[in-house]
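Below is one structure, written out as structure tokens; the observations come after it.
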Amino acid sequence: MNVIAAKSMMLAYGRGESRVKRQHVIAAARDTLAARKPVRPGVLIGGLAMLGLAAAAVAGMGWL
């Protein structure tokens with residue numbers, strides 16, 4: 001999740017955008033080999049929840 005989050009933020013920054021969008025996360029996931037492995041649904045939902053919390057924390061700090 002950390003790799004996908006970091007890549008998503010780098011994609012947004014590289015494109016001059018101030019917010020990470022769904023398209024950035026999808027592109028980052030496609031670029032990450034580990035994201036292509038089958039994942040149990042519970043693990044995926046938990047990971048997405050953590051990513052959402054991290055994004056909210058970053059947004060609250062004014063980084064985006």
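The values are calculated or read from the model by the stated rules, or taken from the named source; none is laboratory data. Because the structure is a prediction, the values reported are computed rather than measured. Using ideal geometry, Cβ is built from the backbone for each residue, glycine included, and neighbour counts are taken over all protein chains shown.
I'm checking my understanding of the structure. Among residues of segment 3-15 that are among the small types (Gly, Ala, Ser) and either touching a residue at least 24 places away in the same chain (Cβ under 8 Å) or in contact with a helix residue (DSSP H, G or I) (Cβ under 6 Å, 6 or more places away or on another chain) (or both), which one is surrounded by the most Cβ atoms within 10 Å (Cβ to Cβ)?
Only one residue tops the list, namely Ser8.
Name every residue in segment 24-46 that is modelled with pLDDT under 70 and surrounded by 14 or more Cβ atoms within 10 Å (Cβ to Cβ), in order of residue number.
Ala35
If you check Ala12, Ala49, which single one turns out to be more than 10 Å from the chain's Cα centre (by Cα), in a helix (DSSP H, G or I) and at pLDDT 90 or above?
That would be Ala12, the only listed residue that is more than 10 Å from the chain's Cα centre (by Cα), in a helix (DSSP H, G or I) and at pLDDT 90 or above.
Report whether or not Ser18 is surrounded by fewer than 10 Cβ atoms within 10 Å (Cβ to Cβ) and either part of a loop (DSSP other than H, G, I, E, B) or modelled with pLDDT of 90 or more (or both).
For Ser18, the condition - surrounded by fewer than 10 Cβ atoms within 10 Å (Cβ to Cβ) and either part of a loop (DSSP other than H, G, I, E, B) or modelled with pLDDT of 90 or more (or both) - is met.
Which of the residues spanning segment 52-64 are at pLDDT 60 or above and in contact with a helix residue (DSSP H, G or I) (Cβ under 9 Å, 6 or more places away or on another chain)?
Ala54, Ala55, Val58
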